[in-house]
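These notes concern the structure reproduced below.
Quick note: the coordinates plus some simple rules give every number you see, no bench work behind them. Quick caveat: nothing in here was measured; it's all calculated off a predicted structure. Cβ placement follows ideal geometry from the backbone for every residue including glycine, while neighbour counts extend to all protein chains displayed.
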Amino acid sequence: MRLLKRADALILRSVLKSLMLGWMVLVGIDAASAFANEIDEIGQGNYDLMTALTYTAWTVPRRIYELFPMAAVLGAVLGLGALSPSSELTALRASGMSKLRIAAPVVGVLLVVAIMVTSIGETLAAFGEQQAQAVQAGAKSKDLVVTSRTGIWARDGAHLLNARSGKVEGGEVVLMDARLYEFDEAGRLLGIVRAEKARNRDGIWRFEQLRRYGFTKAKVTSTEEQSWVWPSKLDPRLMTLGLVKPRYQAVSDLRRHIDYLNRNRLDASEFMDALWTRMAYPLGAIAPAFLALPFAFGFLRSGGFGKRLMIGAVVALSYYFFARMVSDLAGVYKLDLAVANIVPPLILMAGGTWYLVRSR
């Protein structure tokens, strides 16, 4: 028992050391590359060097989350591979430990770290990405929330909301030059509300300094009002979340967005794919390691660091493109996105386990 505990500690130290080292290098390279790209944007509006640094810093938690699967592969391959040149891996095998038993602490530690990283992805990474986009957008375009050439657009049932620009003030969403279009079931325009400002505080939409236009077959009416409350459940956060790509959003935000899109009969496939990708993240993060583990028991015992690094990178990238291809095909052919995101890592894990059991 003492031998097994010492063996587990030896494996864990080697894998964790390789995991953390590879992880830091990957995140550092990715962040440095992103910052280099941001330098080209300096000069747009108020976007300066410090803003670029702030933007990049806010995205670091997201990069930690995204790059963990590749770091997990490198940790497994380099960690176990590092025990080969010193014959420690051979000694463990000679003591009677099977390949599956040696791989067990590797998988265990990767799973624990994957669960921790998942919590980071749902909290710090999602929040950081929102802050990063807000910093970037606020500096490049004054008072911007989310916009296209025709402004901000949002739909709630028979109503279509448009605003020239917007901003967030102390948690309150403020839309400038807002227009609210109301349609009947046949798609005919019933009325337009045009306001200087539309505010949402505590879930209540209030239009200020507005003019209402009503359309009938016989005439067009026009009235002015100082203030009017729009009885809508439209969540203002959905508009600010439009700045953040679906795959960077937390599960709670994705579900809220999917509910909004389904309620208005809009396409929610992109958000559904992002939701199930996040739900399956722990499995998808450690699945490539199952594919890489057999290499640590094979010809890598005679290979150097560069060889192990190359194998780890190839395995991680191959799995990433394979998983992305399966998910994209599921979206194209309207297949179950949950199955497309969960089944591939399960198959890979089952295959890796089968190999380790078979080659005891």
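The GNM of the chain, with springs linking C-alpha atoms under 10 angstrom apart, assigns the highest mean-square fluctuation among Ser87, Ser119, Ser18 to Ser87.
Once the chain from Gln209 to Thr123 is taken as fully extended at 0.36 nm per residue, the excess over their C-alpha distance is 27.1 nm. Rounded to the nearest whole Hz, the Karplus-based 3J(HN,Hα) values (6.51 cos²θ - 1.76 cosθ + 1.60, θ = phi - 60°) of segment 206-211 follow the sequence 10, 9, 10, 6, 10, 10, with x at glycine and proline. Rounded to whole numbers, the Karplus 3J(HN,Hα) couplings from phi for segment 19-31 are 4, 5, 5, x, 4, 4, 5, 5, 5, x, 5, 5, 5 Hz, using 6.51 cos²θ - 1.76 cosθ + 1.60 with θ = phi - 60°, and x at Gly and Pro.
Just the number, please: Stokes-Einstein D of segment 152-242 in µm²/s, Kirkwood Rh from C-alpha pairs, 20 °C, 1.002 mPa s.
159
Placing unit charges on the Cβ atoms only, positive for Lys and Arg and negative for Asp and Glu, gives the chain a dipole magnitude near 1140 debye about its Cα centre.
Among the listed pairs Lys17/Lys99; Lys197/Lys217; Lys245/Lys334; Lys233/Lys334, a Cα-Cα separation exceeding 24 Å is found for Lys197/Lys217; Lys233/Lys334. Summary of the geometry: segment 9-52 and segment 327-360, compared by the centres of their Cα atoms, lie 30 Å apart. Between the listed residues Ser95, Leu49, Val60, the Cα displaced farthest toward the positive end of the dipole of the chain, a dipole computed from Cβ unit charges relative to the Cα centre, is found at Ser95. Net charge in the neighbourhood of Ala195 (other residues with Cβ under 13 Å of its Cβ; Lys, Arg +1, Asp, Glu -1) is +3.
Using 1/(1 + (r/R0)^6) with R0 = 41 angstrom and r between the beta carbons of Phe321 and Leu53, what's the FRET efficiency to the nearest 0.05? FRET efficiency, Phe321 to Leu53: 0.80. For segment 71-85, backbone phi angles converted through the Karplus equation (6.51, -1.76, 1.60; θ = phi - 60°) give residue-by-residue couplings of 5, 5, 5, 5, x, 5, 5, 6, x, 6, x, 5, 7, 6, x Hz, Gly and Pro being listed as x. Placing unit charges on the Cβ atoms of the charged side chains and taking the dipole of the chain about its Cα centre, the candidate lying farthest along the positive direction among Gly187, Ala36, Phe207 is Ala36. The residues neighbouring Ala32, those whose beta-carbon lies less than 12 Å from its own, together hold a net charge of -1 under the Lys/Arg +1, Asp/Glu -1 convention. Using just its DSSP H runs of length 4 or more, each adding -39500 (n - 2.57), the chain gives a mean residue ellipticity at 222 nm of -20000 deg cm²/dmol after division by all residues. Computed over the chain with a Gaussian network model linking Cα atoms closer than 10 Å, the most mobile of Ala126, Ala104, Ala287 is Ala104. The angle separating the long axis of helix 281-296 from the principal Cα axis of greatest extent in the chain is about 20 degrees. Once the Cβ-Cβ distance of Ala186 and Val314 is raised to the sixth power relative to R0 = 35 Å, the FRET efficiency obtained is 0.05.
Between the entries (1) 53, 22, 15; (2) 34, 23, 21; (3) 30, 27, 22, the label attached to semi-axes √(5λ) of the Cα gyration tensor in Å calculated for this structure is (1). Subtracting the Cα-Cα distance of Arg6 and Asp202 from 0.36 nm times their residue separation leaves 64.9 nm of extension gain.
Farthest toward the positive end of the dipole of the chain, out of Leu261, Met349, Trp228, is the Cα of Met349, where the dipole comes from beta carbon charges about the Cα centre.
At full extension, Phe35 and Ser87 could sit 14.5 nm farther apart than now, given 0.36 nm per residue minus the alpha carbon distance.
At an R0 of 35 angstrom, the distance between the Cβ atoms of Glu225 and Ser252 translates into a FRET efficiency of 0.45.
The relative contact order of segment 152-242, computed from alpha carbon pairs under 8 Å that lie at least 6 residues apart in sequence, is 20 percent.
Near Leu10, within a Cβ-to-Cβ distance under 12 Å, what is the net charge of the other residues, with Lys and Arg +1 and Asp and Glu -1? Don't skip to the end; give the middle numbers.
Numbers: positive: Lys5, Arg6, Arg13, Lys17; negative: Asp8, Glu88.
With Lys, Arg at +1 and Asp, Glu at -1, the net is +2.
Averaging the sequence gap over all C-alpha pairs within less than 8 Å and six or more residues apart, then dividing by the number of residues, gives the chain a relative contact order of 18 percent.
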